[in-house]
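Sharing a structure, written as structure tokens. Questions coming.
The values are calculated or read from the model by the stated rules, or taken from the named source; none is laboratory data. What you are looking at is a predicted structure, and each value in this text was computed from that prediction instead of being measured. Positions of Cβ are generated from backbone atoms using ideal geometry, with glycine treated the same way; all protein chains shown enter the neighbour counts.
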Amino acid sequence: MIPAKFEYMKVSSVGEAVDLLEKHGFDAKILSGGHSLLPAMKLRLNRPEVLIDITGISGMDSITEQGDEIVIGANCTHSQLLRSELVQKQVNILAQAADTVGDVQVRNKGTIGGSLAHADPSADYPAVVLACDAVIVAEGKNGSREIAATDFFEGIFTTTLNDDEIITAIRFPKIAKGNYQKFYQSASRFAVVGVAVVRDGDSVKVGVTGVSDTPYRATAVEEAYAGNGDAAEHAVDDIEVMSDHFADVEYRSHLAKVMVKRALEA
Amino acid sequence: MKISIRINGKKHTDEVEPRISLTHYLRETLDMTGTHIGCDTSACGACTVTLNGDAVKSCTLLAVQADGAEVTTIEGMAKNGEMHPIQQAFKEKHGLQCGFCTPGMVMVAADILKHTPNPSEEDIRHGLKGNFCRCTGYHNIIKSIQHAAELINK
């Protein structure tokens, strides 16, 4: 399978990428690891006229500690994240999730920025950035801005990124206690359900992916947990649960409760 | 677009269309058919090569993305007519049946052993998640990779 024709441009700065996005608009796509984009292009589900390869931008694959935060460059691969001592120590839940993405080869190429921008409803990181209250840093023609993870996901493959913006980094607070639980779709290894729980004293923050077309913070679980109720039972309260050939609404709802329970008990 | 890739230690410079995958470039332009096309959708791992030392699925990598990189394919594993220890181990432990998935298995094994020189069975199974053997001969593949670790560490 060969994608439709496109023009390939490799940029060396964020500014260059933003200029090209502005110039080509909807006809352009950003290429980072390419592990969601290229398969879609090969199936001709997506046929951009211009690919802007951002992997040559220096510094965008770094992982640094900045005060109370760990700042992850958008071009960091899943393998980099799971092997980074800084991530293992300070945002361990991110390393846990990275280790569950796809397989070795996919983890060696796919990036956190690409995954977040793509916003696949079954991707792993959305649950983690939501539970961690991470901040997505985006740059566009009007400069740089920070988007709270809770304001980032809008729907299936849809985010609040503007057409001229690219993700440059993700800022994570240090997370002492976090756990990611995932029920795999066993062939693709996407999450049928993925649940990230971050613990802070007696309260928890719960991010859920794979269940709805938009990843969400399970606030009903968080409130019930604080009230010592059976928190996991509230995993899909007020949520429109997805149905597909891997899991129908009833089964997926059940899985969500089980995964929340496991993550809370971990 | 002009690209230059060092493949198995030898530099190749060619004019390619941006939409051509690294697999197609290897097989069609360079006639290096050791890298197999199985699913062509980044599921099966038959097309695995290493890119700057890391295992990647060459069907999901444009040749232009590999411009300037070091690529190793199955053809680059044997040195001076001597099989690589991973290949030797696959031979000794009957790690191949029909052989179609074997190039990918050997290349991903190189990545597994690079990061875990003494892998447990679970480490190997986790590492092989992206490689399918439709003869379902995984047991011997796992034994082969364990044996390869012994040969390399000897």
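Out of the residues in the stretch B:17-35 that are closer than 18 Å to A:Leu31 by Cα and of a type in the set (A, V, I, L, M), state the one that is nearest to the other protein chains (Cβ to nearest Cβ).
Taking the stretch B:17-35 and keeping what is closer than 18 Å to A:Leu31 by Cα, we get B:17-22.
Checking the rest, the ones that are also of a type in the set (A, V, I, L, M) come to B:20, B:22.
Values: B:Ile20: 7, B:Leu22: 11 Å.
The extreme case among them is B:Ile20.
Working only within the stretch A:27-74, note down all residues that are crowded, with 16+ Cβ neighbours inside 10 Å and among the charged types (D, E, K, R).
A:Lys29, A:Lys42, A:Asp53, A:Asp61, A:Glu69
Given the condition in contact with a helix residue (DSSP H, G or I) (Cβ under 9 Å, 6 or more places away or on another chain) and of a type in the set (Lys, Arg), answer yes or no: does some residue in the stretch A:28-44 qualify?
Yes: the stretch A:28-44 contains one or more residues that are in contact with a helix residue (DSSP H, G or I) (Cβ under 9 Å, 6 or more places away or on another chain) and of a type in the set (Lys, Arg).
Moving on to the next point. Tell me whether the stretch A:6-14 contains one or more residues that are touching an Asp or Glu at 6+ places or on another chain (Cβ under 9 Å), more than 25 Å from B:Asp40 (Cα to Cα), in the same structural domain as A:Thr100 (by TED's automatic domain parsing) and assigned to a loop (DSSP other than H, G, I, E, B).
No, that holds for no residue.
Of the residues that sit in the stretch A:1-26 and are loosely packed, with under 13 Cβ neighbours inside 10 Å and of a type outside the set (A, V, I, L, M), which one is nearest to the other protein chains (Cβ to nearest Cβ)?
In this case the residue turns out to be A:Lys5.
Just to be sure, is A:Ser79 within 14 Å of another protein chain (Cβ to nearest Cβ), surrounded by 19 or more Cβ atoms within 10 Å (Cβ to Cβ) and under 17 Å from the mean Cα position of the chain (by Cα)?
Values: within 14 Å of another protein chain (Cβ to nearest Cβ): yes; surrounded by 19 or more Cβ atoms within 10 Å (Cβ to Cβ): yes; under 17 Å from the mean Cα position of the chain (by Cα): yes.
So A:Ser79 passes the test.
Name every residue in the stretch A:199-212 that is touching a Phe, Trp or Tyr at 6+ places or on another chain (Cβ under 9 Å) and touching a residue at least 24 places away in the same chain (Cβ under 8 Å), in order of residue number.
Of all residues in the stretch A:199-212, those touching a Phe, Trp or Tyr at 6+ places or on another chain (Cβ under 9 Å) come to A:202-204, A:206-210.
A:Asp202, A:Val204, A:Val206, A:Gly207, A:Val208, A:Thr209, A:Gly210, listed by residue number.
Go through the stretch A:27-53 and give me each residue that's free of Cβ contacts under 8 Å to residues at least 12 places away in the same chain and within 11 Å of chain B (Cβ to nearest Cβ). Give the derivation first.
First, the residues of the stretch A:27-53 that are free of Cβ contacts under 8 Å to residues at least 12 places away in the same chain: A:39-40, A:45.
Scanning the stretch A:27-53 gives A:Pro39, A:Ala40.
Also: Among the helices (runs of 4 or more DSSP H) confined wholly to the stretch A:85-131, which include 1 or more residues that are modelled with pLDDT of 95 or more and in contact with a Gly (Cβ under 7 Å, 6 or more places away or on another chain)?
Working: elements: A:85-90, A:92-98, A:104-109, A:112-118.
The qualifying helices (runs of 4 or more DSSP H) are A:92-98, A:104-109, A:112-118.
Name every residue in the stretch A:156-187 that is assigned to a loop (DSSP other than H, G, I, E, B) and in contact (Cβ under 8 Å) with a residue 12 or more places away in the chain, in order of residue number. Outline the logic, then answer.
Going residue by residue through the stretch A:156-187, those that are assigned to a loop (DSSP other than H, G, I, E, B) are A:156-157, A:160-165, A:174, A:176, A:185-187.
Across the stretch A:156-187, the qualifying residues are A:Ile156, A:Phe157, A:Thr160, A:Leu161, A:Asn162, A:Asp163, A:Asp164, A:Glu165, A:Lys174, A:Ala176, A:Gln185.
Here's another thing I want to ask about it. Among the listed residues A:Ala148, A:Ala187, which satisfies the condition of being at pLDDT below 95, farther than 19 Å from A:Ala256 by Cβ and surrounded by fewer than 24 Cβ atoms within 10 Å (Cβ to Cβ)?
Values: A:Ala148 fails: at pLDDT below 95.
Of the residues listed, the single one that is at pLDDT below 95, farther than 19 Å from A:Ala256 by Cβ and surrounded by fewer than 24 Cβ atoms within 10 Å (Cβ to Cβ) is A:Ala187.
Anything in the stretch B:11-58 that is closer than 23 Å to B:Val108 by Cβ and of a type in the set (Lys, Arg)? List them, or say none.
Answer for the stretch B:11-58, where residues must be closer than 23 Å to B:Val108 by Cβ and of a type in the set (Lys, Arg): B:Arg27, B:Lys57.
Of the residues A:Ala263, A:Ala218, A:Ala169, which is at pLDDT 95 or above and touching a helix residue (DSSP H, G or I) at 6+ places or on another chain (Cβ under 7 Å)? Write out each step before concluding.
Working: A:Ala263 fails: touching a helix residue (DSSP H, G or I) at 6+ places or on another chain (Cβ under 7 Å); A:Ala169 fails: touching a helix residue (DSSP H, G or I) at 6+ places or on another chain (Cβ under 7 Å).
Residue meeting the stated conditions: A:Ala218.
Follow-up. For the stretch B:1-51, give me the residue count where each residue is touching a strand residue (DSSP E or B) at 6+ places or on another chain (Cβ under 8 Å) and at pLDDT 95 or above. So that I can check it myself, show each step before the final result.
Here is the first cut: in the stretch B:1-51, the residues touching a strand residue (DSSP E or B) at 6+ places or on another chain (Cβ under 8 Å) are B:1-8, B:11-16, B:18-22, B:25-26, B:29-30, B:32, B:35, B:42, B:45, B:47-51.
Right, trim to at pLDDT 95 or above and you get B:1-8, B:11-16, B:18-22, B:25-26, B:29-30, B:32, B:35, B:45, B:47-51.
So the count comes out to 31.
I'd like the full set of residues that are more than 10 Å from every other protein chain (Cβ to nearest Cβ) and within 24 Å of B:Thr116 (Cβ to Cβ), limited to the stretch B:36-68.
Answer for the stretch B:36-68, where residues must be more than 10 Å from every other protein chain (Cβ to nearest Cβ) and within 24 Å of B:Thr116 (Cβ to Cβ): B:Cys44, B:Ala46.
Output yes when any residue across the stretch A:240-261 is more than 24 Å from A:Gln185 (Cβ to Cβ), assigned by TED's automatic domain parsing to the domain that holds A:Tyr184 and touching a residue at least 24 places away in the same chain (Cβ under 8 Å), and no when none is. I'd like the intermediate steps shown before the answer.
Of all residues in the stretch A:240-261, those more than 24 Å from A:Gln185 (Cβ to Cβ) come to none.
No - not one qualifying residue is present in the stretch A:240-261.
Continuing with the same structure: Looking only at the stretch B:106-132, count how many residues are more than 12 Å from chain A (Cβ to nearest Cβ) and under 14 Å from the mean Cα position of the chain (by Cα).
Selection size over the stretch B:106-132: 1.
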